[in-house]
Amino acid sequence: MAKVDWPAADKRTLIGKRIDRIDGPLKATGAAKYSYDINRPGMLWARAVTSPYAHAEVTSIDTRAAEALPGVKGVWRDTEKEVRYAGEIVAAVAAETEEIAQEAATRIRVQYKPLPHQVVDDDPKFFDAAKDKLNKREEGNVDDAFAKADKVVEGEYGIPVIAHCCLESHGQVTEMRDGELHVWPSTQNVSRYSDQLGGAVGVDQNKIHVECQYMGGGFGSKFNSDKWGTIGALLSKQTGRPVKLLLERDIELMTAGNRPSAYARIKVGAQKDGTLTAVEADIWGTGGNGGYNPPPVPYVFKVPNTRLTAKGIRTNRGGQRAWRAPSHPQGCFLTMSALADTAAALKMDELEFFLKNVSLTDRAEVYTEELKIAADLIDYKRKAHPRGDPTPGPVKRGLGMSIHTWGGMGHPSECDVTISPDGSVEARLGSQDLGTGTRTVIDIVVAETLGLPLHAVKVQIGKSDYPASGGSGGSTTVGGVSASSRLAATAALNALFETIASKLDTAADNLEAVRGEIRQSDKPENKMSWKEACALLGVNAITKRGSNNPGESQKMHLMDGGVGGAQIADVSVDIETGIVTINEMVAAQDCGLVIDLKTAESQVYGALIMGITYALFEEAVYDVKTGRMLNADMEFYRLAGIKDVGNLKVHMMTGKGYDERGVVGLGEPPVISPGAAIANAVANALGVRVPQLPLTPDRVIAVLQKGGNLA
Amino acid sequence: MSDEIDTSKPAGLSRRGFLKGLGAGSVATGLLSPAGLKEALAREGGVVGPGEVPVTLKINGQNRKLSVEPRVTLLDALRNRLDLTGCKKVCDRGTCGACTVLVDRHPVYSCSMLAVEAEGHEITSIEGLGTPERMNEVQKAFVHHDAQQCGFCTPGFVVACSAFVRKHPNATLEQVRAGLGGNLCRCGTYAGMMLAVVDAAKKGGA
Ligand code: FES
Ligand code: FES
């Protein structure tokens, strides 16, 4: 009888190995069809029209000139009267070609009555106490702790609003066929994508079929059908034709979600030996035109006496969306910056200071081990120096570090595994692969369970018609699908054992599936090939469902939640140009049992690079006067290129103490620390803190001019 | 075109915004030279469009006839008319490289070139470099070094890298960093990519 527990390390043939992603060849050759690539017969192209005003009343929308253009087939007008940010969609048009749609969009005349707007997010005076409530939290005896502290260090720090900038924009292809709605969206949430769509367009939920085989990045911004999903479906209904509506880049950057900003004044109290005793933080920032969740400060370190107040500033900007590890990069940057400044004020080595205080965290041993590994990887002992690189010359070098945490417990997930009489195996689940390697993970788990090679299993995901699986957010996918596919494959295998046990003159309990054979565990020569065994099924395939119930799977150690990670950055700063260069970055990260070491490492490398990008380049810049985003394009909303990332080293924590926890998600955690580690490294290089991300040359120079270090 | 074109500075970049911005979609003499278009220009007295004009594009070794308005970019012609969707539209204005194709073996941002400009040239799209069953060395190296996550930037990178390794058979990491600056990835696949490109170059490249 096959057991659901993960096999022991010496029994694993696939799990934990370095395995190429199974859809790699399709992606590398351009054969993978993303939602943007779906071309349906008779399909129309749609374009959206957006408000140029940050706040206005729409008084009229005249689409006549657009409709008069040959080739225009449908128009959509918003009935909502108020626009709340520049870039909000107010109308759309569908036409025979993309060029006609583009031209028609310019012919839609929208009249606005401009209203006062407010886009400033970095000044707490814009907090509206009449409308929004002050967020307050207090623990311990803060004033007393500060009074008794040997050292009290104060600082101001800031991390701006950034966008998701998924390379595949947001949008979908929609098609009405025989009263049913087919949607090919770029989504992180195949099974529940249509939750809000059915009602909005008047199609019953069970008549909506969602398919997304490949998608070009979401990072938290692609869970729902959104306004453009509704518009596309309505245009399909109106015209009777399939409609492709993918947002143009500028619209995507303005409307499709952002990561909230966070600015703070932070006061830290510590003893002479570095022990943290108190933290007080005043935080403000914006989540756009909606509410604001303050970031966790202090982060990771449970300092005994803390006081936090947070002010959410409403702005006439697009709304926030989850951005890889929501709230954590902000909380981490604010906290770790303040702590590194405290270490410097105490004239303590940063690593020693962090190690001293890990006892205040939930996983002191893990962080200690990780910090030491990271320090070795970057040659900390040799390179470290107190604040301010003492070497002459314009290029200053420094090290900085940070630690982070995340949950990553698997989500509910259902999976069907079918074993057919011809020996073929199929796993079906309504999950999706965002590029994290979900397909590959499912393949590895099912193949390992059945004792088969990877190519013997066909993994079918990406359709809402398959058994439901959770949305891919919060690093919940790998735990969820690993557990459900393990449960399903084990159940199917045991059903196969039942069928064939008598042919091998033994009980099902004594059988095991190994290397393409089914054999008696204590008498391996009593065996038959996988194909022979399946042939005994006659005409009836076996299909078993695995349902991942997170609580139970955690108890069975199939999966777990809660991880830690440590990162150290080595940077150079040119004090004449203000340019920050990443020399090297190292990451030590745990995530329980690793299913595919290769794609797991890719997650961490990718997170480091995404982190370098927001540390050095990313910021949504708004013009106070017009309320418009000034860099809604990819020239000025900069992403790191291949030359910007330096040498990267990743160490995955595996083996004893980690593997037995089961699978834990990995997508979010490693993206949390880079901003903090890089900012701390810059402070270590210069001897002064550049308080705000991104660490652009103008900010570096401004700080140096004030600090006098340029001379 | 000379052999000296740098992959980080694809050609055809500056004209496209201007041309595409014509709106009505007419194209005047002087900007374009291909034979078919020359005929059309002669016939129409120096201006083609705003209606559709016939073009023959040589793509991946095959002549494909299509009829497009002059304002249609090569990228949109490939994706929307010919269903060659390997090249991606990301910025649509010459910043990201996701739309890279080879024109006469040189990497070009196809969003920044008009389809009518491409007539008379040899166009190679990602689909012409290999198939999942028969990948070129760059594609194999991308898979092996996991130089892709969501994969949306990947076809553009593979095309650019294939041209790069042909030009730099002994590419060093420094050359890779300098030479592949014309493409962007959001998922952060540069670590694997650097290894992939050096590896592919060693194995004889594309
Ligand atoms: S889409 Fe052509 S360069 Fe970005
Ligand atoms: S792999 Fe996703 S953008 Fe490069």
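Things worth noting here:
- Matching residues in region B:104-122 - criterion: being among the acidic types (Asp, Glu) and in a loop (DSSP other than H, G, I, E, B): B:104, B:119
- Any chance residue A:85 is under 29 Å from the mean Cα position of the chain (by Cα), of a type in the set (Phe, Trp, Tyr) and surrounded by 19 or more Cβ atoms within 10 Å (Cβ to Cβ): yes
- On inspection, residue A:446 does not qualify as within 14 Å of chain B (Cβ to nearest Cβ) and in a helix (DSSP H, G or I).
- Residue in region B:87-103 that is over 23 Å from residue A:247 (Cα atoms), within 16 Å of ligand 2 (Cβ to nearest atom) and not in a loop (DSSP other than H, G, I, E, B) present: no
- Top-ranked residue in region B:164-178 [being open to solvent by 10 Å² or more (accessible area, probe 1.4 Å), in contact (Cβ under 8 Å) with a residue 24 or more places away in the chain and assigned to a helix (DSSP H, G or I); ranked as nearest to the other protein chains (Cβ to nearest Cβ)]: B:178
- As for region B:152-159, it holds at least one residue that is within 16 Å of ligand 2 (Cβ to nearest atom) and polar (S, T, N, Q).
- Looking only at region B:77-86, and only at residues there that are out of contact with any Phe, Trp or Tyr (no Cβ under 8 Å at 6 or more places or on another chain) and open to solvent by less than 10 Å² (accessible area, probe 1.4 Å), the one that is nearest to ligand 2 (Cβ to nearest atom): B:86
- The condition (being more than 30 Å from residue A:609 (Cα to Cα) and in a strand (DSSP E or B)) is satisfied by just one residue among A:552, A:512: A:512.
- Residue that is nearest to the chain's Cα centre (by Cα) [pool: residues in region A:204-219 that are within 13 Å of chain B (Cβ to nearest Cβ), away from ligand 1 (no atom under 16 Å from the Cβ) and open to solvent by less than 10 Å² (accessible area, probe 1.4 Å)]: A:218
- Listed by first and then second residue, the pairs linking a residue in region A:198-224 that is closer than 21 Å to residue A:474 by Cβ to a residue that is part of a strand (DSSP E or B) and within 16 Å of ligand 1 (Cβ to nearest atom), with Cβ atoms under 6 Å apart and 6 or more places separating them unless they lie on different chains, are A:216/A:34.
- Unmet requirement for residue B:70, which otherwise passes all of (1) open to solvent by less than 30 Å² (accessible area, probe 1.4 Å); (2) within 11 Å of chain A (Cβ to nearest Cβ); (3) within 16 Å of ligand 1 (Cβ to nearest atom); (4) not small (Gly, Ala, Ser): (3)
- If you go through region B:146-168 and pick out every residue that is over 11 Å from the mean Cα position of the chain (by Cα) and either within 12 Å of ligand 1 (Cβ to nearest atom) or closer than 19 Å to residue A:440 by Cβ (or both), you end up with 9.
- Each residue in region B:110-151 was checked for being within 16 Å of ligand 2 (Cβ to nearest atom), touching a strand residue (DSSP E or B) at 6+ places or on another chain (Cβ under 9 Å) and open to solvent by 20 Å² or more (accessible area, probe 1.4 Å), and 0 of them qualify.
- Residue count for region A:404-432 satisfying the condition of being closer than 30 Å to residue A:354 by Cα and either within 16 Å of ligand 1 (Cβ to nearest atom) or open to solvent by 10 Å² or more (accessible area, probe 1.4 Å) (or both): 4.
- Whichever residue in region A:373-391 is of a type in the set (D, E, K, R) and in contact (Cβ under 8 Å) with a residue 12 or more places away in the chain and, among such residues, is most open to solvent (accessible area, probe 1.4 Å): A:387
- Note on region A:129-203: enclosed strands (runs of 3 or more DSSP E) holding 2 or more residues that are open to solvent by 20 Å² or more (accessible area, probe 1.4 Å) and over 30 Å from residue A:335 (Cβ atoms) are A:171-177, A:180-185.
- Considering A:21, A:47, the condition of being assigned to a strand (DSSP E or B), among the basic types (Lys, Arg) and in contact with a helix residue (DSSP H, G or I) (Cβ under 6 Å, 6 or more places away or on another chain) is satisfied by A:47 alone.
- Filtered residue count, region B:76-111, keeping only those that are near ligand 1 (Cβ under 6 Å from one of its atoms) and in contact (Cβ under 8 Å) with a residue 40 or more places away in the chain: 9
- Checked against (1) away from chain B (no Cβ under 11 Å); (2) over 30 Å from residue A:52 (Cβ atoms); (3) assigned to a loop (DSSP other than H, G, I, E, B), residue A:624 passes all but a single condition, namely (2).
- Scan of region B:130-152 for residues that are in a loop (DSSP other than H, G, I, E, B), more than 7 Å from chain A (Cβ to nearest Cβ) and in contact (Cβ under 8 Å) with a residue 60 or more places away in the chain, ordered by number: B:136
- So residue A:435, is it in contact with a Cys (Cβ under 7 Å, 6 or more places away or on another chain), assigned to a loop (DSSP other than H, G, I, E, B) and crowded, with 17+ Cβ neighbours inside 10 Å: yes
- Filter result for residue A:70 (without any contact (Cβ under 8 Å) to a residue 60 or more places away in the chain, open to solvent by 40 Å² or more (accessible area, probe 1.4 Å) and farther than 30 Å from residue B:196 by Cβ): yes
- When region A:88-102 is limited to residues that are out of contact with any Gly (no Cβ under 6 Å at 6 or more places or on another chain) and within 14 Å of chain B (Cβ to nearest Cβ), the one that is surrounded by the most Cβ atoms within 10 Å (Cβ to Cβ) turns out to be A:101.
- Region A:661-697, residues that are assigned to a helix (DSSP H, G or I), closer than 27 Å to residue A:606 by Cα and out of contact with any Phe, Trp or Tyr (no Cβ under 9 Å at 6 or more places or on another chain): A:661, A:677, A:678, A:680, A:681, A:682, A:683, A:684, A:685, A:697
- Condition met for residue A:633 (modelled with pLDDT of 95 or more, surrounded by fewer than 19 Cβ atoms within 10 Å (Cβ to Cβ), in the same structural domain as residue A:583 (by TED's automatic domain parsing) and under 30 Å from residue A:51 (Cβ atoms)): yes
- As a summary of the residue check, residue B:155 satisfies the conditions (1) touching a residue at least 24 places away in the same chain (Cβ under 8 Å); (2) of a type outside the set (Val, Ile, Thr); (3) open to solvent by 10 Å² or more (accessible area, probe 1.4 Å) except for the one numbered (3).
Residue by residue, here is whether (1) open to solvent by 10 Å² or more (accessible area, probe 1.4 Å); (2) within 18 Å of the chain's Cα centre (by Cα); (3) within 16 Å of ligand 1 (Cβ to nearest atom) holds:
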{"residue": "A:578", "(1), (2), (3)": "no, no, no"}
{"residue": "A:585", "(1), (2), (3)": "no, no, no"}
{"residue": "A:598", "(1), (2), (3)": "yes, no, no"}
{"residue": "A:601", "(1), (2), (3)": "yes, yes, no"}
{"residue": "A:609", "(1), (2), (3)": "no, yes, no"}
{"residue": "A:612", "(1), (2), (3)": "no, yes, no"}
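The values are calculated or read from the model by the stated rules, or taken from the named source; none is laboratory data. Please read all numbers here as calculations on a predicted model, not as lab measurements. Cβ sites come from the backbone with ideal geometry, for glycine too, and all protein chains shown count toward neighbours. Just the protein is used for accessible areas: all its heavy atoms, side chains included, with ligands, DNA and RNA removed. Shrake-Rupley method; radii C 1.70, N 1.55, O 1.52, S 1.80 Å.
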